[in-house]
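The values are calculated or read from the model by the stated rules, or taken from the named source; none is laboratory data. This one's a predicted model, so the numbers in the text were calculated from it and none came from an experiment. Cβ atoms come from the backbone with ideal geometry, glycine included; neighbour counts cover every protein chain shown. When the accessible area is computed, the model is the full protein with side chains, heavy atoms only, and any ligands, DNA or RNA have been set aside. Shrake-Rupley method; radii C 1.70, N 1.55, O 1.52, S 1.80 Å.
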Amino acid sequence: MGLPSTVLLVAGAAFLSHAVYSSYEHALLFSPSISSGNKHPLPLDIVLELLVSITVLCAGIVLAAPKLKPISWRVWAREKETEEKNVNIRRRKEEDAGLGAQVGNPFAGLEDGSRRGFLDVRGARKAFAEWVREGGGGGRS
Amino acid sequence: MIDERELAINPIVQDSVMHNAKTLSNIRSLTASLFGVAAGTLGLESYPGFLFYFAGTLVVSLFVFALRAEARPKEFFYRPMMDLWAGDVVGGLSGFVLTWTLFYGLVRA
C-alpha cells in the first residue's frame with residue numbers, strides 16, 4: 001500500500017463521513033417519514049460529495065490491492081527470471097507487504113550448479129580441464 | 001479440441017489465475033459495501049438501488065482495467081469478459097444489500 005492509495009483512502013473516508021452526516025442532518029431537519037414524500041430531496045451538493053467520495057475510495061481500494069500477475073506462462077516465467085537478480089530485496093519487500101512466500105524461479109533448485117545432492121559434473125569437468133591445461137598431469141613426459 | 005491445443009502451446013499459470021481472482025474478489029467485496037453506504041444515504045429504493053450497484057461495479061471494473069490490468073486484460077484474465085467485467089459481481093451483492101438497508105435505516109428512519 002503506497003502513499004497515493006493511502007491519501008485517496010483517507011480523503012475519501014473523510015468526504016464520505018461528512019456527506020453521510022450531512023444527509024443525516026438533512027433528514028432530521030425535514031423528517032421525510034412524517035411530512036410524506038419527496039418534498040425535500042437531498043441537496044445536490046451532498047449527492048455530488050457522496051458520489052465523488054465513493055469514486056475516490058474505489059480508486060484508493062483498487063490502488064491498495066496487490067498487483068495482478070500475468071497468467072501466460074512465458075510472460076510470467078520471464079518476469080521470474082528477471083526478478084531473480086534482485087530477489088533478496090524483493091523477498092524482503094513482499095514479506096513486508098504480507099504477500100505470498102513464493103518468490104523467484106520455482107525451478108531454481110533444478111537448475112545448473114545448484115542441484116543439491118548431485119555431483120556438479122560440469123563444474124568438476126571444468127576444474128579438470130583447467131588442471132590439464134595448467135600441465136597438472138606433469139607425471140607423464 | 002482447439003482450446004486444449006491452444007493451452008498446450010500457450011500454457012497458463014494456475015497460481016496467477018487464482019491470485020488475480022482473489023484480488024478482484026477482495027476489491028469487489030470492499031467496494032460493494034461502500035456502494036451500499038452510498039445507496040442507503042441517497043435513499044434509493046428497489047430497482048434504482050440495484051442499478052446503482054451495477055453501475056458502481058462497472059466503474060470499479062474500469063478502475064481495475066486501467067490501474068491494475070494496465071489496459072491489457074487478456075494478459076491477466078483468461079476470459080476478460082467473464083473474469084474481469086462480470087467477475088464476482090453477484091458475490092458482492094449480499095454485502096451491498098446489508099449496508100444499503102443499514103444506512104437507509106440509520107439516515108432516514
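The distance between label points at A:A77 and A:S17 comes to 5.1 nm (points 7 Å beyond Cα on the Cα→Cβ vector).
Across the protein chains, with a 1.4 Å probe defining accessible surface, the residues B:Y47, A:Y21, B:Y104 rank B:Y47, A:Y21, B:Y104 from largest area downward. Summing +1 for each Lys or Arg and -1 for each Asp or Glu among the other residues whose beta-carbon sits under 15 angstrom from that of B:E70 gives +3. Once the mean of 1/r is taken over each pair of separate Cα atoms and inverted, region A:3-64 shows a Kirkwood hydrodynamic radius of 12.6 Å.
With the simple spin-label model, which puts each label point 7 Å out from Cα in the Cβ direction, the A:F118 to B:A71 separation comes to 4.5 nm. Mean partner shielding of peptide B:15-27, defined as the number of other chain Cβ atoms within 10 Å of each residue Cβ, is 4. Legend: calculated FRET efficiency, B:Y78 to B:S29, from the Cβ-Cβ distance at R0 = 35 Å, rounded to 0.05, equals 0.95.
For the pair A:Y24 and A:V52, a Förster radius of 22 Å applied to the C-beta separation gives a FRET efficiency near 0.75, rounded to the nearest 0.05.
Every helix of 4 or more DSSP H residues in chain B counts as -39500 (n - 2.57), and over all residues that averages to -21500 deg cm²/dmol at 222 nm. Peptide B:53-63 has a mean of 2 when you count, residue by residue, the C-beta atoms of other protein chains within 10 Å of its C-beta. In terms of accessible area, using a 1.4 Å probe and ignoring ligands and nucleic acids, B:F35, A:F118 rank largest first as A:F118, B:F35.
Using heavy atoms of the protein chains and a probe of 1.4 Å, the accessible area assigned to A:E134 is about 140 Å². If only the Cβ of Lys and Arg carry +1 and only the Cβ of Asp and Glu carry -1, the dipole of chain B around its Cα centre is close to 280 debye.
Among the residues of A:14-23, the average count of other protein chain beta-carbon atoms within 10 Å of the residue beta-carbon is 3.
For region B:1-104, the convex hull spanned by the alpha carbon atoms encloses 101 Å³ per residue.
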